[in-house]
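*Asks:* Quick one: the structure is below, questions incoming.
Read-outs: derived from the displayed coordinates by stated rules, not from any lab. Fair warning: this is a prediction, and the values are worked out from it, not measured in the lab. Please note: Cβ atoms are built from the backbone with ideal geometry, for glycine as well, and neighbour counts cover all protein chains shown.
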């Protein structure tokens, strides 16, 4: 809006440290459904599923965003989420 109104732009800033994990259809192709309740119990976890009905290997079905006060805190939470979901640690 500021650009359209000809006003000066504000310098962008990071709200908080964050990590995003892509959730691929592989998670749904096992016999056990993903443990969303366990993942969502982690601090700063925000689940975004795209409403796709048919999972397929490699198909992006959603993402998990993790936020926190420090980069180290967010990384630890993201690693915990990855472990809950059976994803490779990064």
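*Asks:* If you build a Gaussian network model of the chain, linking Cα atoms that sit under 10 Å apart, which residue out of 65, 77, 30 swings the most?
*Replies:* The residue with the greatest mean-square fluctuation here is 30.
*Asks:* Between 48, 63, 15, which gets the highest mean-square fluctuation from a Gaussian network model of the chain, Cα cutoff 10 Å?
*Replies:* Looking only at 48, 63, 15, the largest GNM fluctuation is found for 15.
*Asks:* Also, quick follow-up: Relative contact order of the chain: what whole-number percent is it, with Cα pairs under 8 angstrom and at least 6 residues apart?
*Replies:* It rounds to 34 percent for the chain.
*Asks:* OK, next. State the label only: which of [x] 31, 19, 10; [y] 23, 17, 11; [z] 28, 15, 8 corresponds to semi-axes √(5λ) of the Cα gyration tensor in Å computed from the shown model?
*Replies:* Computing semi-axes √(5λ) of the Cα gyration tensor in Å and matching it to [x] 31, 19, 10; [y] 23, 17, 11; [z] 28, 15, 8 gives [x].
*Asks:* For residue 88 and residue 15, what does the FRET efficiency come to when R0 = 22 Å and r is the distance between their Cβ atoms, rounded to the nearest 0.05? Present the calculation step by step, with values, prior to reporting the outcome.
*Replies:* Working: r = 28 Å, r/R0 = 1.26.
Plugging the Cβ-Cβ distance into 1/(1 + (r/R0)^6) gives 0.20.
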